[in-house]
Structure formats: C-alpha cells, structure tokens
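Taking it in order: structure first as structure tokens, then the write-up.
Where a number appears in this text, it was derived from the coordinates with a stated rule and is not lab data. Small disclaimer: the values here were computed from a predicted structure and weren't measured. All Cβ positions, glycine included, derive from the backbone under ideal geometry; neighbour counts span all protein chains shown.
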Amino acid sequence: MTEGSIIKVSGPLVVAGGMREANLFDVVRIGEAGLIGEIIEMHGDKASIQVYEETAGLGFGDRVVSTGEPLSVELGPGLLTNIFDGIQRPLEAIFGKYGSNITRGISEPALNREKLWHFVPCVKRGDAVVSGDIVGIVEETELVLHKIMVPAGVSGTIEEIAEGDFTVEQTVCRIASESGPRALSLMSKWPVRRARAYAKKLAPEEPMITGQRVIDSMFPIAKGGTACVPGPFGSGKTVVQHQLAKWSNVDLVVYIGCGERGNEMTDVLREFPELRDPHTGHSIMKRTVLIANTSDMPVAAREASIYTGITIAEYFRDMGYSVAVIADSSSRWAEALREMSGRLEEMPGEEGYPAYLTSRLAQFYERAGRVICLGTDKREGTLSAIGAVSPQGGDLSEPVTQATLRIVKVFWGLEAGLAYRRHFPAIHWLNSYSLYKDRLEPWFREHVGRGFSEAVAEAMRLLQEESELDEIVKLVGADALSPRERLTLEAARSVREDFLQQNAFDPYDSYTPLDKQYRLLCLILSYYAKSLAAVEKGADVQALADMKVRERIGRAKSASDDTYRSDFEAIEKELDDEIETILQA
Amino acid sequence: MIKEYKTIEEVAGPLMLVRGVAGVKYDELGEIVLADGSRRRCRVLEVNGNDVLVQLFESSAGINLSTDKVRFLGHGATLGVSEEMLGRVFSGMGVPIDGGPEIIPDKLLDIGGTPINPAARKYPSEFIQTGISTIDGLNTLVRGQKLPIFSASGLPHAALAAQIARQARVRGSDENFAVVFAAIGITFEEADFFIEDFAKTGALDHTVLFINLASDAAIERISTPRMALTAAEYLAFEKDMHVLVILTDITNYAEALREVSSARKEVPGRRGYPGYLYTDLASMYERAGRKAGSEGSITMIPILTMPEDDKTHPIPDLTGYITEGQIILSRELYRKGVLPPVDVLPSLSRLKDKGIGAGKTREDHAGTMNQLFSCYARGKEAKELMVVLGEAALTPIDRIYAKFADEFERRYVSQKSDENRTIEQTLDLGWELLKLFPRSELKRISPELLDRYLPESRS
C-alpha cells in the first residue's frame, strides 16, 4: 500500500507526491475524510489524481493512500431496481443513512451485505467447469434470474456446492482449479475501464423493438447495435430515452443519467416501478439498473459513470441476456473529460476537448455488440448502446456529435423546429438514418409482413417528395400543383401526423406493437393509393382531402391493442364507401 | 490560531498569489487586511505546495504587495442564516446594507451547498397559478421547478418576473411563502423597480434581497446567487417555506466567471467561457426542487439576457440544458405591442405534464395545450406564406390558421401587467379561440372532450 501526500489541489484534480509505488488507475483515498480518487497520470513519483468528490478543504501535505486496486464495480444480486451514483455508491442506502444531501467522504458498499439470496446450484460436485459456466441461479427479481458464473481465467472441477440462503460475500461454491482451490461467492468485482471477456463477437441480426413507430419502422436499431440521439435542448431527447428504457424488448436496461437533471432521475425512480412491461406484465423497474450522476454531483464521477454503467451491462450480457445501455447524455461525459484535460494542462483539440475524445467514445460504443459468451453452453448475449448527445446551440458540427456519428450506426436526429410544432418524437425523417435497415430486412419480412419494407419505402418516398413540393409551394403557391401532387402532400401530411407523431403520454399510443405499426402505415398508404385511383377517374382533390374518414385515420393510432385490427378494417371500409360517394357525385 | 501572511507575490486581475503559507486548504476563505485596516474577502482557487492562488471577491485597487497581509479563516465561504432575514436587504456578499442590525445567525451554512441525492428528491407536481395565460396554459410552472426567462436587452423581462412574483400562488393553499431575490450586476433602476414592486404589494416583509449592482465589484457576482440560494435552502428545507428565487441577470454572472477563468489562463470553451460553465451553472440551478423530509420547496426563475438575441449563445444554451424548460421573450412580439411578449413556440415547461389535468387544473388542459401549440405553429407558417404570396394564395383552411395566429397573439398572449387570470379563464379562452376551426382540424383533443367543451361542433 503506497502512501503519499498532496502537493497541489486544483478543483477536482489533486497532485500527490511520494506515489512511485502506485499503479496507474489505482483508486486512492485522500485526506482525513478518505475521499475517493483515481490516478490518471504519473510523473516520476507524482501522481495526478481525479477526485470523485468535492475537494474543498484539502490542502498541501494531506495524506493520500493507494488502495492498490483499479476502479471496480461490484457485480452480484442486488443491482437491479437499485440506483447508484457514478462510482456505484447506492443512493437509496445513502439517503437512508446520511440524509437528503450527499456529503463528502461517504462510504457505503454497492451491494447490500446483509441481505440473503436464495441460491440454487445447476452443477453438482465433480462436474468440470470452465470460465463463464453457470454454477447456480439466484432469482433476483420476477423478471431476471441472476446467473452466477465461473470467473474469467478459472476452470476445474466443482468440489462443494449447495442450495441455500447466502449473503453476497459468503462462499456458495468451491472449485478445484488448475491454479489451486477457488471459492466463489455471489458477488464478484470487475475493473470498469476494462471490457469484460466474451468468446466471439457476431454481427447483429435481430431488431430491438421499441414500440416507437418512427424508430421501429423507419430507423430501426439492432439488438447489439449502437445509436445516438442528438438534439438541442427542448427537442425531447430525454423523453425518447425514457421511452426506449420503458418499452424496448430487451431483458435488462441500464439507464445512465450522466450530468443531467436531478428531477429526471427522480421521475424515472417514481415512474418506472408503476409501469408494466408489455412483454411480461411485470413492473419494468424489475429489469432496470439506474446510474445517476446528476449535473450538480462531482464532475470526475461523471466521467466514471459511463464505464460503471456499461460494465454492469456487460456482466448481464455475459449471462446470456439482451441488455440495453442508455446514456443521457454523452456530451456531459465529454465535458467532464474536457474539464479534467484542462486541469491537466493538456494541449486542447477542437473546442477545448482533448485530442483523445474520439478514441474514448469509440472505445465506449465498441463495448456494445452481439456476442457468444464464455462458457460451454455458448449462449448468446447482446448489448445495445444508445447515447444522447447535447450539441451546443443544437449545432451538429460540434466535436462530440461528429465523433459520435463516426462510430454509431443509427442516427436519430432531433429538430427544434419539429418540437416547436409539438411534433413528437421530434426525430427528423429526412436527416436520420439507420445502417441496420438492410441487415434487419429479412427479420421484418418474416415476422411482420412481406410488404413491410416496401410500405416503409413508399412512406419515405412520400415524405421526400413532400419536401421538394414544399419548396415549390413556398415560391409559387399551392395552386401551381397538379391534383396528383396535391394528393401527395395530403398523404405525406398524414404519414407525418398520423404515423410518425406519437404521444408518449397516451396509454395506447405510447407503445405500438409492430403489427399495429405495419397496419397503420398500410391504412395511410391505402388512403393515398385509393384517392390517387379516384383522381384518375376524375374525382375532386379537395373532396378527397376533406373526407371525413381522415379524422378517423388520424385517431387510429390511439386504438387499443385488442381492437385495432377490427377498427382499422372498419376505417378501410368507410374509406372505400366515401370514395365511392365522391365518385358518384 | 489564525496566521497572517505578508507574502503576497502577485496580483493580476481578480487573482492573487501568496507564497509560503502552511495548512491552507482548497476553497478556504481568506481576508486581505489593507494598510488602512479595511478588509477584503478572497477564496483559495488552487493550492500548489506552499503557494496558494486566491481569487478576490472585491476590487484589487489599493492592495500593496509589501505591506498588506492575508489571513485564512479556516473555513469556506459561509452565510449566517435565520428567519430574521425576511424583509432585509443584503449586499452581494451577504452583509446587511439596509441600515438595520446585523443578523443573529441561527446557523452558519456553506454557500457552496451539497448535491441533493436524486433518491431523496420529490418530483415537482403541484401546479402554481401565475395568472399569466402563456405560462399557466401552455408552459405550466410547478412547485420546485427551475424555469428561466430568456430575454434580450430592451425587453420587459423585469415586468414579467415581478408579475410572476406578485401573482404566483398554489390554489387552495395558504402556506408559508417567501421570495428570495438576487440582483446580479443589474442597474440600480432595475433593482429599484423590483424593490418598489415588492414594497407596493406588501411582499417586502417576506422577501430577502441580495443586491450586487452594476457598480459593485464584478467578481462578487460569483458569490451573490450562492448566498441567495443558501438563504433559500434554509427557508425552504429547514423552515418549510415555499420559496420563489429570482436570479437576475445570469449573463452577468457568467461574465464574472469568464473573467476569473481568463485570468487563470484556462483553456476556453465556446466564446471564451470556461469549459466548466455547464457544471458551474448546474451547481446553482440544481439547488431548486423539493426534498423528502421537508414540506418546503425552492422554485427558481433565473433571468438572463441573450447576447444578440441569440439562443445558441453558451449562456442560454447551457442554461436550457439544465433547467426544466424556458420562457423565451420575443422582440418581434414586443414591437407588435404584444405584452408580455412570450414567444410561445420555443418556450417550454418540462414538468407541466405532471402538474396539469383533472384534479390539478382541468381534464382538458393537456389536449387544448397541444392543440393551441400546433395550431399556432401552423398559423405562423401560413402567415409567412401570406407575406410571400398574398392572402389569395392560401387555401381556405390556411386562411383560418392565419387568422387564428393573430387572434391568439392579441387575446391569449397579450394581457395587462395586473391582469390575474385564473386557470379556468385561461382554458376557456383557449376554447374560445379554437372555435375558429372545423372540428376535423382539432386532432389533438379527444372526441369526448370536444363533445363536452364544443358541443356545437358535433354535427
């Protein structure tokens, strides 16, 4: 254990001397309060330390002790439904013990040490096991079976294992391994800055269904994929992120509130327990881990929060689950990086961000993917990463957005103009893209419908044409358009308002099953196709635009999940009748 | 034992280097004792071996490197708080300047505050009626929210803020109410306007004022909002009061911060503002809210002037990313004589959804709000088109939208500075305007509500 003393304090950066024996990225304890910090640079015997707590009150000569271990997270039962800060301190427990504000020097183990978990073995004495094999199961919540795995680098035969109630620290299993006997407890540790091992990485091939029409139909993300949501303030980034956390068809969600508003985390904490997962019917909190490092909490811990979150996600991925990491917002993480870089007096890159911004971001997103996990059963796990980006002034040319766009495969671009019109989600249909579309097409064809991709392409074509026609209308007025073009505008408006717009606060509109998405889109396109045919036969465009059935199409998205099929058929019928009447006249 | 040092080595701008000190801590408060016995406050910004870099809170004029002394006080900047502060006026550094007696503190609190545990926050959801339609109806304020006003030079933000302070009430409650007002580098006239207004309405008795005027030391402005928030936290979380905090003008605060940053030769972010401006602003704004274990609340209305009316300038931009919405004032509306000139479309209250609806305001609130927003947006587009192509080029329905936009500005947005509309009046006014449209255009409102509130549309 190395002990040194403080030479310099500058905001969250502390320089300590006498640290020659310490390792880079070791966690240190500073001063009498034992503040937590991490060594990020060494110069001779001087260590530059980023401190995860407020440094007020530290001075020259204060003691710095290295723990000899890198910044790690505790992995085991008790993670789910919990809320942690950026360095995995349990916030509920801290609230109970220390009161409503977070003071300095608080030390509280991440996982509850007293709680007993019922452990059920799945191997028996004498079985041979290798790294990643599951030795037993703890039912952590109704939704998630927590699988206890043989740690990386260990293999051998089981010597002792029994069913029973254990705390996270007690030994549940003994293994005679090649390097000697090993005792396993329910809890393990892993350094956050190192990606967890897996057997093999695979290309993603199944979509992550979110129930958000503009995402699933237009710009889908794959399980194991990466996406970003950039947008100026007020464009609804957080609502999009919350919707993904609520409705995605993944087994687990790790939600990282990184440098954002305290009340948003409170909202998640209050709201999620009451929401039911549409796939299982249980409270979605039971599959959620929250990491909260709000904007008023120390900036260095914000830098760590992203890694804490993704390490926990990797751990569950290794059990064979599909996991989504949702980070709001990666820009705040980048700003934390910039602040530390500035204090280290590094040469700045663009806009003061350090030159290694891009590589750090890439490292983070590269930890996502679809993998074959360690272990003899070759189970498959996926980890999808979705990051919000908060570009300054909504300017997408700024470094964090640009660096992110080079890495991620899906771009959901939010626009202030859409938000002002209360078009939510304000994901712009012409700017956004998904590079998974082709790869996922076979899946959609098989599971949703043969015509799905064609319908989506047709809708996109309408929207594209609308933007061109809009230019003409702005120059010479709507009168210059042909009847066919006017109809295109009407249909495109219907796609925008009746399909793309989705109300996150409406009970039936908030989540749309894929089949309903497909049928709704078909309904709108059918209005277009049938009206077009009617125009050919000489029907009046204005009459087709003013049809009463259009109001029903507009409200179709709020149809309940049980009745929408018959509702849509009824609307289709009414559409036929009304067009018939127009043609008669 | 407090030691005094005569080793001031350097003074440059707001910064001062003192050599050979012992036991001085980061963020510790210090005092410079001048030759004439007067004292000036300073704070440790960096400890480097036996040297410390300190930031002055007051002007450096008259400091003499060879004779003046520095003493460090062994604690950070604190404010003595008590309920007696209500009705009093303090300087930006927390010293009474109204000629009254010193405050006998109930407690000494660190002005930096500590982060609120997100697990301990109570989600703000109590509707505050401000009597202003554009806020109550469209950008609803709730208790514990931080909702800034983005203004620009020459716009009447002071009148709007004063009207909110005067009229804001939670309906059906008669609880302890207080206003904490921090003037940050504003002119005497503007500060006087607020004080006069508070006095006129008898609000002064439950108001605490912290005044740093344009003529006071700029560097003091870094402390002023924190002083005010410390007083507010005491009143809200220890005395269970509902506190409305008005901070004006945040732009002056950010400029003071930039001054210190550039004196330290830090790598600047956008427009010369330090890279940590976001974190720094957040450490103030996030002190608003409600906490478990306390009945009180802090609702915050920071006011800032957008340089060049530019919403993407770092100060409004970063503020918008932290606060729970924004009320934006528009020069165009002001020129048209629409008062208060609230630019409805880009304004937003993020917490409105939990504060409105049946039992809070009225069942039709959410639907009519969304409908008014989208109708006004389309109406403004139609008007733009009309400017280019003339009214004849509009479709009949677009003509209705254009008319709606005008009526909406004239009747809904416009209101007198002493006009206190109840939420029912605001909602009814919304329906009144929506009557212009055929029912098929009102897609954002459920058919049941349309039947109830616009029965004549049912045909």
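Tabulated data
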quantity	calculated
Antiparallel bridge percentage (DSSP; both residues within the protein assembly as shown; nearest 5)	65 percent
Simple spin-label estimate for B:Asp192 and A:Glu468 in nanometres, 7 Å along Cα-Cβ	6.4 nm
FRET E, pair B:Leu73, A:Arg194, Förster distance 56 Å, beta-carbon r, rounded to 0.05	0.80
Between region A:104-125 and region B:49-123, the Cα center-to-center distance that results, in Å	45 Å
Per DSSP, loop trypsin sites (Lys or Arg not before Pro) in region A:297-381 with at most 13 further Cβ within 10 Å	A:Lys378
Span from the region B:398-459 Cα centroid across to the region B:129-143 one, whole angstrom	16 Å
Listed residue pairs exceeding 20 Å between alpha carbons, taken from A:Lys237/B:Lys311; B:Lys311/B:Lys354; B:Lys122/B:Lys311; A:Lys147/A:Lys378	B:Lys311/B:Lys354; B:Lys122/B:Lys311
Cα gyration tensor category, rounded, prolate or oblate, for chain A with a/c compared to 1.5	prolate
Cα→Cβ-extended label distance, 7 Å offset, between B:Thr7 and A:Glu551, nm	8.3 nm
Spacing of the two label points (7 Å from each Cα toward its C-beta) at A:Glu32 and A:Ser107, in nm	1.6 nm
Percentage relative contact order, region A:97-168, counting C-alpha pairs under 8 Å, at least six apart	38 percent
Gain in span if fully extended, A:Ala183 to A:His43, counting 0.36 nm per residue against the direct Cα distance	46.5 nm
Degrees between helix A:564-584 axis and first principal axis of chain A (Cα, 0 to 90, nearest 10)	30 degrees
Distance from region A:1-62 to region A:346-397 (C-alpha centre basis), Å	28 Å
Chain A, relative contact order [Cα under 8 Å, separation at least 6], %	13 percent
Helix-only CD estimate at 222 nm, as mean residue ellipticity for the protein assembly as shown, using -39500 (n - 2.57) per DSSP H run (n ≥ 4)	-9500 deg cm²/dmol
Tensor-based shape of region A:369-489 (alpha-carbon gyration tensor, a/c under 1.5 rounded, otherwise prolate or oblate)	oblate
Only Lys, Arg (+1) and Asp, Glu (-1) charged, at Cβ; region B:223-337 dipole about Cα centre in debye	160 debye
Förster radius 25 Å - calculated FRET efficiency between A:Ser482 and A:Thr581, Cβ distance, rounded to 0.05	0.60
Largest-first principal axis extents, alpha carbons of the protein assembly as shown, Å	101, 87, 50
Mean Cα-pair separation over length for region B:118-163, i.e. relative contact order, pairs under 8 Å, 6 or more apart, %	30 percent
On Cα atoms only, tilt of B:224-233 relative to the major axis of chain B in degrees	70 degrees
On Cα atoms only, tilt of B:396-407 relative to the major axis of chain B in degrees	40 degrees
